[in-house]
Number of protein chains: 2
Amino acid sequence: MGTVEELLKINEELRNKLEELTKKNHAARSKIDEMSSQVVDSNPYSRLMALKKMGIVKNYEQIRTYCVAVVGVGGVGSVAAEMLTRCGIGKLLLFDYDKVELANMNRLFFQPHQSGLSKVEAAAETLRNINPDVNITTFNYNITTVDNFENFQSALLTQGLSGGPVDLVLSCVDNFEARLTINTVCNESDLNWFESGVAENAISGHIQFIEPGRTACFACVPPLIVASNIDEKTLKRDGVCAASLPTTMAIVAGFLVQNALKYLLKFGDVANYLGYSALNDFFPTMSLKPNKNCDDNFCRKRQEEKLGKVEEKVRQEIEEEGPVHEDNEWGISLVDESVIDEKETTIAASGIAFAYTVPTEGQKETQGTSGTSKEVSLEELMAQMKAI
Amino acid sequence: MGTVEELLKINEELRNKLEELTKKNHAARSKIDEMSSQVVDSNPYSRLMALKKMGIVKNYEQIRTYCVAVVGVGGVGSVAAEMLTRCGIGKLLLFDYDKVELANMNRLFFQPHQSGLSKVEAAAETLRNINPDVNITTFNYNITTVDNFENFQSALLTQGLSGGPVDLVLSCVDNFEARLTINTVCNESDLNWFESGVAENAISGHIQFIEPGRTACFACVPPLIVASNIDEKTLKRDGVCAASLPTTMAIVAGFLVQNALKYLLKFGDVANYLGYSALNDFFPTMSLKPNKNCDDNFCRKRQEEKLGKVEEKVRQEIEEEGPVHEDNEWGISLVDESVIDEKETTIAASGIAFAYTVPTEGQKETQGTSGTSKEVSLEELMAQMKAI
């Protein structure tokens, strides 16, 4: 025990150190009311707003009006959430029920000191420090349980920025069941979403855009791993210690968020399916049409609704303006409409393998479609793959 | 001023808070002597070592024997350094002379509280926390000044893990001068390197592998931006506030480190040139041969040396074993050898634009070559681009 003077000195030293560390652990910037294009070192948005000057995005500020749900905050989801946060997205919903482990340190984002913390809570803290302008809400539960199905659906439908539905859902989960849950909710609630996945051998991955009724849903056809040299043994199985690489995960997260930005901010072409095979730098792309015999009732319902809307829109446009121009609201042309009308699913080609095993009867039906139906763009796919 | 007892109580509270924050700011794990394949939550290497079980990498532990130099720790370099750190690379050299600014927050890695710190120091602290097993050395200077040229060259030649040269150099710089400096040093010292770049409109990028004398160096032909819809106005210029996106930067960093891993750990095919165009998800790849009239003396010298070695190797193999098989040490076949013999450079095709302006006479010569020489694989390029 020392004198009062000695203690006061120690006290002051401790206070100073504490202040220093506290500063380190909290956002070094306050909230910013409006995104500015001003080119100064202190503006975190200058290089995003420059996308307007470059002629890429018309109204970048609009990103603040969107809410995106990230389901699964692992190797892909955490990086996707960080990208959206740094881009200044309006609101993020984070879903996961896992904890951070040292075994996750071979991917970007989480740090060793966060081991043991809930992934959503640890992610939210980091993301709020990175950009305090983003509204982040966390949901620490398993979406695949019966009880949580409704909670999950309700969150997606009411937690958007104006109390309505979210603007987009990003699936970054690592199992079939969770993907099917997201698919069911998005079909029923007519929400657009991106599915993503990385193979358990760490060297391939994909993203897929799903617009219920207009593109193939997850039940129409299981997502595909398209690659020349990948055999079934390399696909994701339960109970196996999957390999993973920070490179593949970040590339898939990059494709996911880049296409999400193109979708939300309306620039470029949103990929329907984009694959990545690391060994030979091979990037298959394709369009997948919905399956008219899809097991999911709501998928079939959306197909009928949207086919009706498309037909009406096309009829109106022809009456009013002559032939459909390329940039109509539905992004379709007369040729596309006839293709949609066929409602056939394209699911098989040489070198393409299923990424997941579809359980029960769904599998038989889907595979049956593949074997017997008219494969609309099979030749297209084959040509594309041969060319690479 | 309070009593001794009061002060002691405050003192203890301050100590507790300080301990908590200190824990948060330091590595939550100690060093690990040997990489283990054990599948437990506490093993940060389990999912990397699983690459062996998956049949992708023969000897993953070898990553600890390599030293990689990352030149430029910005939007691409910082993420590349983090990926290599999480993969457990043996040693990293970080070169930059810039400071962290809030204007960098639209890319991954740096956080607002690091504003004002030197990029290499801030990066090294974060990376050491992420993986204390990696040996990280920082170089806080501009490599393009006359004085630092020798420092830079000496670091690359003596800072490898056994006191010799580094195993690979990753160029993540944002200007022509720095790329040319790296090129000069790597040609003179016969070091293999990857060049990388992102366009100032943020929506395209590329990586290029350069093996002095065997592939085109940076002076043989300026790196190309290959894209269907990009015009010259979108290319990097001085004094313009470049746009950037965390997505494009992370994708390019992912391609860079993925190909670096393939090169170091000997799996898959290392891309010679891999481009990325975000608007249409277009990924051009190509091979670029060295230019026998290259301005760089050391490039021409390496060409002569290696051409000699290739010829001798091929002659020996034919004598000993008959025709050259595909997996010979040099990765070449008889056909390749004849192509190398021509030593012509492929540099022009429709839709391909130069990413940088080559200054002075170098430019004229190179462009002249493009216009008048036999363009070895032009048709191949054209076919590849048309197919996409």
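I'd like the carbon and sulfur percentage of the solvent accessible area for segment A:1-150, probe radius 1.4 Å, heavy atoms only, ligands and nucleic acids excluded.
Values: 3150 of 6660 Å².
Carbon-and-sulfur percentage of accessible area, whole number: 47.
Enumerate the amide H contacts of A:Lys99 below 5 Å, restricted to partners 5 or more residues apart or on another chain; note that Pro and chain-start residues carry no placed amide H.
The list, which skips near neighbours in sequence, is A:Lys119.
Distance in nm between label sites at A:Lys309 and A:Val4, each 7 Å beyond Cα in the beta-carbon direction?
It is 7.6 nm.
Starting from the amide H of A:Ile136, placed 1.01 Å from N in the peptide plane, find each other amide H under 5 Å away whose residue is 5 or more places distant or on another chain.
Those qualifying (amide H under 5 Å, at least 5 residues apart or on another chain) are A:Leu92.
Could you give the nm distance between label points at B:Glu20 and A:Glu20, where each point is 7 Å from its Cα heading toward the beta carbon?
2.0 nm
With the solvent-accessible surface defined on protein heavy atoms using a 1.4 Å probe, which residues belonging to segment A:51-99 display a reduction of at least 40 Å² in accessible area in the multichain context relative to the isolated chain?
A:Leu51, A:Met54, A:Ile56, A:Met83, A:Arg86
Grab the beta carbon distance between B:Ser36 and B:Leu117, set R0 = 30 Å, and tell me the FRET efficiency rounded to 0.05.
Working: r = 34 Å, r/R0 = 1.15.
Efficiency, rounded to the nearest 0.05: 0.30.
Once both labels are modelled 7 Å past Cα along the beta-carbon direction, what's the A:Glu320-B:Glu177 spacing in nm?
5.6 nm
Quick one: which of B:279-285, B:264-270, A:246-252 comes out on top by average Cβ neighbours within 10 Å, and what's the full order, highest first?
Details: B:279-285: 19.7, B:264-270: 17.7, A:246-252: 28.3.
Descending mean neighbour count gives A:246-252, B:279-285, B:264-270.
Using only the alpha-carbon atoms of segment A:103-209 as identical scatterers, what base-10 log of I(q)/I(0) does the Debye formula give at q = 0.13 Å⁻¹?
-0.59
Any idea of the total accessible area buried by the A-B contact, 1.4 Å probe, rounded to 100 Å²? Before the final figure, lay out the partial values.
Values: alone 20260 and 20230 Å², together 32690 Å².
The contact between B and A buries close to 7800 Å².
Using R₀ = 30 Å, calculate the FRET efficiency as 1/(1 + (r/R₀)^6) where r is the Cβ-Cβ separation of A:Lys301 and A:Asn59; round to 0.05.
Values: r = 33 Å, r/R0 = 1.12.
Calculated value: 0.35.
What list of ³J(HN,Hα) couplings, whole Hz, do you get for segment B:278-283 from phi and the Karplus terms 6.51, -1.76, 1.60, once you set θ to phi - 60° and write x for glycine and proline?
Taking θ as phi minus 60°, the curve returns 5, 4, 10, 6, 10, 10 Hz for segment B:278-283.
With r as the distance between the Cβ atoms of A:Asn151 and B:Asp190 and R0 = 51 Å, compute the FRET efficiency 1/(1 + (r/R0)^6) and round to 0.05.
Details: r = 61 Å, r/R0 = 1.20.
Efficiency, from the Cβ-Cβ distance: 0.25.
Using each residue's phi in segment B:61-67, evaluate 6.51 cos²θ - 1.76 cosθ + 1.60 at θ = phi - 60° and report the 3J(HN,Hα) Karplus result to the nearest Hz, with x for Gly and Pro.
Per-residue couplings from phi come out as 3, 4, 4, 6, 8, 10, 10 Hz.
The values are calculated or read from the model by the stated rules, or taken from the named source; none is laboratory data. Computed from a prediction, not measured in an experiment: that's the story for all the values here. Because the Cβ atoms are built from the backbone with ideal geometry, glycine has one as well, and the counts that use them run over all protein chains shown. Areas reflect the complete protein model, heavy atoms only, side chains present, ligands, DNA and RNA absent. Shrake-Rupley method; radii C 1.70, N 1.55, O 1.52, S 1.80 Å.
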